[in-house]
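The structure appears below as structure tokens.
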Amino acid sequence: MATPTGPTLPTNYHTHSRYCDGQGEIEDYVRAAIAQGMTSLGISSHAPVPFANGYALRPEKLDAYVAEVRRLQAAHAGQIAIALGTEVDVIPGIETYFAGTILTKGFDYFIGSVHFVGTDPHTGDPWEFDAGPDHFAAGLNDWYEGDFRRLAEDFYAIARTVPHFIPGIAIVGHMDRIKRFNYDNQYFSEDAPWYRELVEGALSAYAEAGTIVELNTAGWRTRTGAPFPSPWITSRCHELGIRMTINTDAHQPTPLQAGHPQAIAQLRAAGYREVWVLRQGAWVAEALPE
Ligand SMILES: [Zn+2]
Ligand SMILES: [Zn+2]
């Protein structure tokens, strides 16, 4: 592939829709992306999981989801490159479930994300720390006696396994998600040496595996007001030679470039002059816009 000369036009590989916990048809996202001048769009509904939940694609909808993305891919081939993805929950022990479901469907890429840590003793299912601030606070108190550090240790022990969880994980989703409800540093400071060490352990795993880390702009739209990952982690990613891409984690068809200017600024401040995008089935570096 020729070396790009101009700036990379916007891409986004992290989008949801009514097939999981987002709004709108997949086609609405495709049309919006074309209207916004995007060159490539990844569709990444939450992969089905083997326990009761209200956010993931239902197993019986998996084939329809795959067929719909493939249909749109073909229908808009001349206008935009559509990629078939899914956001996979990295939960120790459920790999075999994925082996019998998504791994047989020929996906173009997977995003590996951690939304669960440990087990909720009330249900026996994985505990979704990500389900909301009160749910988070209650679990932290009930299963961790309020000790955020122990929870963070459990989170990063899983987070560092993302690259090899199942074959085909191209992107680590919102890698420091555990900070999501840390408004006003209510639970911890990211300056704590023990926290930096946990992050460092995960980054080494990503650097070694060559996994792309997304700069997920969704955090800017939350009360914490910080992207995933934080700027200091982005700088460490650059120092470690980790590839990065910009995703918005869109749950609505528009805008599909929310936070892009800030994301570009954060990547540039960290030293990046390129961003990784999916072109004809391969992740390649293209120039990061100014
Ligand atoms: Zn997620
Ligand atoms: Zn997502």
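The values are calculated or read from the model by the stated rules, or taken from the named source; none is laboratory data. In this text, all values refer to a predicted model and were calculated from it rather than measured experimentally. Cβ coordinates were reconstructed from backbone atoms using ideal geometry, including for glycine residues, and neighbour counts include every protein chain displayed. Each accessible area value is taken on the protein alone, full model and side chains, heavy atoms only, with ligands, DNA and RNA left out. Shrake-Rupley method; radii C 1.70, N 1.55, O 1.52, S 1.80 Å.
log₁₀ I(q)/I(0) of the stretch 11-287 at q = 0.13 Å⁻¹, via Debye over equal Cα point scatterers, no solvent, to two decimals? The Debye formula, applied to the Cα set alone, gives -0.84. Evaluated at q = 0.14, 0.22 Å⁻¹, the base-10 log of the normalised Debye intensity for the stretch 158-261, with identical point scatterers placed on the Cα atoms, takes the values -0.54, -1.25. One quarter of the surface of the convex hull around the alpha-carbon atoms of the stretch 1-110 equals 8.1 nm², the direction-averaged projected area. Its relative contact order, with pairs defined as Cα atoms under 8 Å and 6+ residues apart, puts the stretch 11-287 at 19 percent. For the pair Trp194 and Ala285, a Förster radius of 35 Å applied to the C-beta separation gives a FRET efficiency near 0.55, rounded to the nearest 0.05.
Around the amide H of Ala83, modelled in the peptide plane, lie the amide H atoms of Leu41, Gly42, Ile43, all under 5 Å away and 5 or more residues distant in sequence or on another chain.
In this view, the solvent-accessible surface of Thr224, computed with a 1.4 Å probe and all protein chains in place, comes to about 40 Å².
Considering helices alone, the calculated mean residue ellipticity of the chain at 222 nm is -9500 deg cm²/dmol, with DSSP H runs of length four and up weighted by -39500 (n - 2.57) and normalised per residue.
Calculated translational diffusion coefficient of the stretch 58-143 (37 °C, 0.692 mPa s; Stokes-Einstein with Kirkwood radius over alpha-carbon pairs) equals 215 µm²/s. Between Ala77, Ala56, Ala170, the GNM of the chain built on Cα springs shorter than 10 angstrom shows Ala77 fluctuating the most. Take Asp134: with every protein chain present and a 1.4 Å probe, its accessible area is about 130 Å².
The mean sequence separation of alpha-carbon pairs under 8 Å and at least six residues apart, normalised by the residue count of the stretch 31-85, gives a relative contact order of 47 percent. Label sites at Gln252 and Ala74, each approximated as a point 7 angstrom past Cα along Cα to Cβ, lie 3.3 nm apart. When the Gaussian network model of the chain links Cα atoms closer than 10 Å, the mean-square fluctuations of Gly271, Gly259, Gly124 top out at Gly124.
About its Cα centre, the dipole of the stretch 123-240 is roughly 320 debye, where the only charges are +1 on Lys and Arg Cβ and -1 on Asp and Glu Cβ.
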